[in-house]
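Trainee: There's a structure below that I have some questions on.
The values are calculated or read from the model by the stated rules, or taken from the named source; none is laboratory data. Just so it is clear, the structure is predicted and the values come from calculations on it, not from any experiment. As a convention, Cβ positions derive from the backbone with ideal geometry for all residues, glycine included, and neighbour counts pool all protein chains shown.
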Amino acid sequence: MGTNNSYKENETQKGKTYKMLLIFGMISILMIFAGLTSAYVVSKTRPDWLSDFKLPVAFSVSTALLLLSSVTFILAKKAIKKDNRSLTTMMLWATLVLGILFVVFQFKGFNEVIAEGYYFTGSESNITTSFLYIVVIVHLVHLLGGFISLLYVIYNHYKQKYNASQTLGIELSAMYWHFMDFIWIYLFLFFYFYK
């Protein structure tokens, strides 16, 4: 009995440590995007700034997809806490598919910008679209960590490492995923309203 309590306390402490490390990591990522959006604000005073630039429609679609992926991740977490393995499996895979579709629509958004005659790099580029490109790519690079984490969770789920009393891996992965969702919504609203 004492050993079991000691094990639970150890697991609880380990979970708190991992969550704190993740929070520190997320704070540093937040600082990166705060710096990028601050530089965007400062650059707006340049004479070559595009004040009439509109975000591509594909970015709105990708935003909806990422929001939906957060919902499916929440449902996966709830399902594993009820030991509903099949629903957890379905929701984890749905999260992955929606995340992939988010990335696809981000690149469709880039194609829409190019179709409008704007470029991100080279002599025909401008500061507005270059900033958009850099910020989106930096977000996608950080989201890659979310994909790796999610794939690891799916793998461990198939190995039956999660159940109603052991959800730490799913919780950590979901925390990061929701954080990247929050970052994208912030960026989307920032680019949409700040012209």
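Per-residue answers, yes or no, for (1) farther than 26 Å from PHE191 by Cβ; (2) of a type in the set (D, E, K, R):
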residue: SER43; (1), (2): no, no
residue: LEU50; (1), (2): no, no
residue: LEU55; (1), (2): no, no
residue: SER70; (1), (2): no, no
residue: LEU75; (1), (2): yes, no
residue: LYS78; (1), (2): yes, yes
residue: THR89; (1), (2): yes, no
residue: TRP93; (1), (2): yes, no
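Residue-by-condition table, conditions (1) out of contact with any Phe, Trp or Tyr (no Cβ under 9 Å at 6 or more places or on another chain); (2) crowded, with 16+ Cβ neighbours inside 10 Å; (3) farther than 20 Å from LEU172 by Cβ:
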site	(1), (2), (3)
LEU101	yes, yes, yes
VAL104	yes, no, yes
GLY117	yes, no, yes
SER123	yes, no, yes
PHE131	no, yes, yes
VAL141	yes, no, no
LEU144	yes, no, no
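Trainee: While we're looking at this one, here's another question. Being touching a helix residue (DSSP H, G or I) at 6+ places or on another chain (Cβ under 7 Å), β-branched (Val, Ile, Thr) and under 13 Å from ILE137 (Cα atoms) is the filter here; which residues of segment 93-109 pass it?
Mentor: VAL103
Trainee: Hey, among LEU151, LEU101, LEU67, which residue is under 15 Å from the mean Cα position of the chain (by Cα), at pLDDT 95 or above and under 13 Å from HIS178 (Cα atoms)?
Mentor: Among LEU151, LEU101, LEU67, only LEU67 is under 15 Å from the mean Cα position of the chain (by Cα), at pLDDT 95 or above and under 13 Å from HIS178 (Cα atoms).
Trainee: Right, next: Just to be sure I understand the filter: pairs with C-beta atoms under 8 Å, separated by 6 or more residues or on different chains, first member in segment 38-57 and in contact (Cβ under 8 Å) with a residue 12 or more places away in the chain and within 24 Å of GLN106 (Cβ to Cβ), second member surrounded by fewer than 10 Cβ atoms within 10 Å (Cβ to Cβ) and aliphatic (A, V, I, L, M). Which pairs pass?
Mentor: Short answer, once both residue conditions are applied: none.
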